[in-house]
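Structure provided below as structure tokens; questions to follow.
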Amino acid sequence: MNKEQTIKLSVTVITYNQENFIEETIDSILSQKINVPFEIVVGDDASTDKTPEIIQKYVEKYPNIIKPIYREKNLGHTGNYIETTREAKGEYIAHLDGDDLMLEGKLQKQVDFLDKHPECAMVHHLVNFIDKQGNITGKTKAKSATTGTINDIIRQNHIINSSNMYRGACLDEHFYSIPHNLMLHDKLAHMIKTQYGKVCVIPEILGSYRVYSESIFKSASSYKLFYAQLYTVDYAKNLKGASEKYIKKGKSILYLARVREHYKKRNYTRARYYLNLARELVPYSYDACRFGMKLWIKK
């Protein structure tokens, strides 16, 4: 790539101790056939394994494409994501976690889509779920793929972060103010981007998302994940286009998930507590929850 060319696309990659995956991840980006100038910004979060060494081998081979960031201090998953994105120079930005993969045609199809649809701030696609060995274990469903506005994401997010491409102009002070210690950043980042346009979907499987027990979200407690999600939905009141109605619906859905979790543990007192919180926000939540009547009977 000619350094004088304006970068059309940045691909951000974040990684931490992923020596078993990072090579395949970077290869999946480099194998893309794309007709615009692009860069790959790789943020290594102070890995203690061979991940930095592997990245450096690619830097030496592709010095005009790969921009490495080797952190001396671990920022955490969210902090690394925010600060790596800060270094992206492209008009469009695509993201890939350091253990996920792009499939053939992904980048060109998303670039072409954003070129043709100026009303869209972000476009994502369907993905395969894969295990540590790369075996397909499932896939996202077209009917559940998010398309619409910020309020659709507030209500419920179905976007896999490694599947999205968005306009760099959508990144504002809200994005760079996301707390580095927030357990989940995906939904909040998507909400911030869709202040500036619609979220659209390409109904094709164009990537693979790795799911395994040691991953950060699989190993996190449901309590921490819940409060990260609650913070995210509550933050929506600060964003342009966010509806109070949908903020209430989004919080109600989170409370109902807690109802189900506590009901299954036979902790009926806590289940009723969260059910009442949901009903205060959205009265019909009681009827929408299949555990509602059972909890009423057990009072």
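Which residue, of Q32, Q18, Q5, is in a loop (DSSP other than H, G, I, E, B) and at pLDDT below 95?
Unique residue meeting the criteria: Q5.
Right, something else. Here are some conditions: (1) modelled with pLDDT of 95 or more; (2) assigned to a loop (DSSP other than H, G, I, E, B). K132 meets all but one. Which one does it not meet?
(1)
In this structure, does K73 turn out to be more than 24 Å from I160 (Cβ to Cβ) and assigned to a loop (DSSP other than H, G, I, E, B)?
So K73 fits the description; yes.
I need a count of the residues in segment 76-115 that are among the aliphatic types (A, V, I, L, M) and either at pLDDT below 95 or in a helix (DSSP H, G or I) (or both).
4
Right, something else. Considering segment 121-155 alone, what residues qualify as being loosely packed, with under 15 Cβ neighbours inside 10 Å and within 12 Å of M191 (Cα to Cα)?
G148
Show the residue pairs meeting these rules: Cβ distance below 6 Å; 6+ apart or different chains; first residue within segment 215-237 and modelled with pLDDT of 90 or more; second residue small (G, A, S).
V233/G250; A236/A242
Within segment 12-56, take every residue that is in contact with a strand residue (DSSP E or B) (Cβ under 6 Å, 6 or more places away or on another chain) and of a type in the set (G, A, S) and give me the one that is nearest to H77 (Cα to Cα).
Restricting to residues being in contact with a strand residue (DSSP E or B) (Cβ under 6 Å, 6 or more places away or on another chain) and of a type in the set (G, A, S), the top hit is G43.
The values are calculated or read from the model by the stated rules, or taken from the named source; none is laboratory data. Here the structure is a predicted model, which means the values were calculated and not measured. Ideal geometry is used to build each Cβ from the backbone, glycine not excepted, and the neighbour counts take in all protein chains shown.
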